[in-house]
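Please read the structure below before turning to the comments.
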Amino acid sequence: MSGSLNKLFEKGKAKVKEYTNQHSSGHANQPPHQGYPGQQGQYTGAPYAPPHQQQQWGPPQNQWGPPQQQWGPPQQQQWGPPPPQQGFGAPPIPQHSKPQSPAPPAVPQNRPITNPPPPQNIPPPHAEKVYWLPSFGAQTPVSHNFRHELGDHGWGNNEKQNYTDNAANSFHHDNRLIVRGLVQNGSYTSARLTSHQTLSRPRGYLTATILPPSAEGVWPAYWLLPKDPFQWPNDGEVDICESWQGENINHTCLHWGHYNAEDHFKHQVVTTPLQDLAHRPHTYGFAWIEEEGIPNWRGRMIWYIDGRPVQRANIPQGIRRMEDFRILINIAMGGNVCKGNLPKDGYYDMVVSEVKMCEEPVGGWHQFERDWGSAPEGKPT
């Protein structure tokens with residue numbers, strides 16, 4: 001082979017090698033997909049390990065996988081960031097491969113339509129009348145909707161956590177609010193959020209979809225207290241989504257007294273087993289209707305889980321007006337409720353979505369009256 005041919009051959013081999021090095025990975029020169037806030041390092045795209053498992057300290061290594069059942073609009077929404085180089089939804093069909101619809105048959109001009117279909121008298125769907133819908137977009141700071149309550153003074157229950165306003169403990173991701181408890185080498189940090197917005201109406205419906213953490217020593221809660229200043233427990237407390245110690249049990253509660261003497265009966269509680277509490281989000285609702293001018297009667301309230309009424313109660317005399325109540329979301333750790341148990345090193349996430357206040361519950365106030373007849377009353381604890 002001549003010298004010139006040898007040079008051309010070697011040059012061609014070099015071009016092939018250069019092309020192979022650039023394209024063998026399938027996505028050369030593309031930036032890696034970053035994980036959600038609070039992660040360190042890059043998102044790996046592996047299946048998500050639920051936060052209730054024993055996890056080592058540091059960034060979560062896995063992806064939020066989709067729940068077993070879709071919940072909330074939009075129907076195709078993923079639980080977390082997509083794997084690297086993968087977008088939401090199916091890729092577009094190339095133009096040349098789209099199926100071609102056959103042309104409709106020609107219709108003679110001025111031909112009357114015979115046997116038209118009967119009219120469909122389908123009632124329109126019940127429209128939600130939402131009066132508060134906070135944004136959990138990444139561009140919205142958590143402090144826009146909530147105030148951070150701070151401190152590590154035990155919070156009346158000998159709890160261990162220090163509530164902070166650090167972005168590591170509360171942030172928005174994928175249009176969801178994340179409250180994160182972090183445990184490392186004897187340090188326990190978390191967040192306790194209280195909404196600027198109050199119920200603000202004598203009647204209405206509050207709803208949120210929540211996936212709480214579930215582990216020994218962890219106590220997540222989504223609940224209501226009157227706005228400051230208030231006296232606890234006389235002014236009242238409403239617990240909507242509350243669990244502890246890794247038990248798959250939700251506690252709905254109404255408190256308006258101390259835990260002694262005759263006040264012992266001022267605590268109405270219903271426990272609802274949810275075997276998939278830590279693995280699938282549930283929708284927790286609370287409806288209230290408060291009247292005026294009726295002697296010795298204030299009104300009624302009903303708690304819901306996934307649209308099912310799970311508890312009812314008359315609004316007690318002496319507590320604050322319902323429109324004064326605000327939302328609290330927090331993760332406590334240790335304390336009397338957890339019997340002094342503390343969580344292992346790791347992170348524990350409470351994922352909150354679709355929080356809104358509506359003028360009436362699903363199905364309206366007629367459905368509320370029907371639900372009143374089927375919901376159980378709480379019992380003192």
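Nothing in this text is a laboratory measurement; each read-out follows from the coordinates by a stated rule. Source: prediction; values computed, not measured. Ideal geometry is used to build each Cβ from the backbone, glycine not excepted, and the neighbour counts take in all protein chains shown.
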- Query: When Lys and Arg each count +1 and Asp and Glu each count -1, what net charge do the other residues less than 14 Å away from N248, Cβ to Cβ, add up to?
  - Reply: -3
- Query: What is the spread of the Cα atoms of region 259-381 along each of their three principal axes, largest first, in whole Å?
  - Reply: 54, 39, 27
- Contour minus Cα-Cα span, L342 to N296, at 0.36 nm per residue, comes to 12.1 nm
- Item | Förster radius 22 Å - calculated FRET efficiency between Y259 and E377, Cβ distance, rounded to 0.05 | 0.70
- Tell me, what is the FRET efficiency for A127 and N185 to the nearest 0.05, using R0 = 45 angstrom and their Cβ-Cβ distance as r? 0.30
- Those aspartates and glutamates that a straight Cα-Cα span of less than 12 Å connects to K356, excepting residues fewer than 8 apart in one chain: E128
- Item | Theoretical gain in end-to-end length, R280 to W232 [0.36 nm per residue, Cα-Cα removed] | 14.0 nm
- Note on the structure: Other residues with Cβ under 11 Å from the Cβ of E149 give, with Lys and Arg +1 and Asp and Glu -1, a net charge of 0
- Space enclosed by the convex hull of the alpha-carbon atoms of region 299-362, per residue, Å³: 164
- Note on the structure: With 0.36 nm assigned to each residue of separation and the Cα-Cα distance removed, H153 to R370 gains 73.7 nm
- Item | Relative pair counts by distance (%), Cα atoms of region 180-225, 10 Å bins | 17, 45, 25, 11, 2
- Task: Quickly work out the H144-to-Q317 label distance, labels modelled 7 Å from Cα along the C-beta direction, and quote it in nm with one decimal.
- Result: 4.5
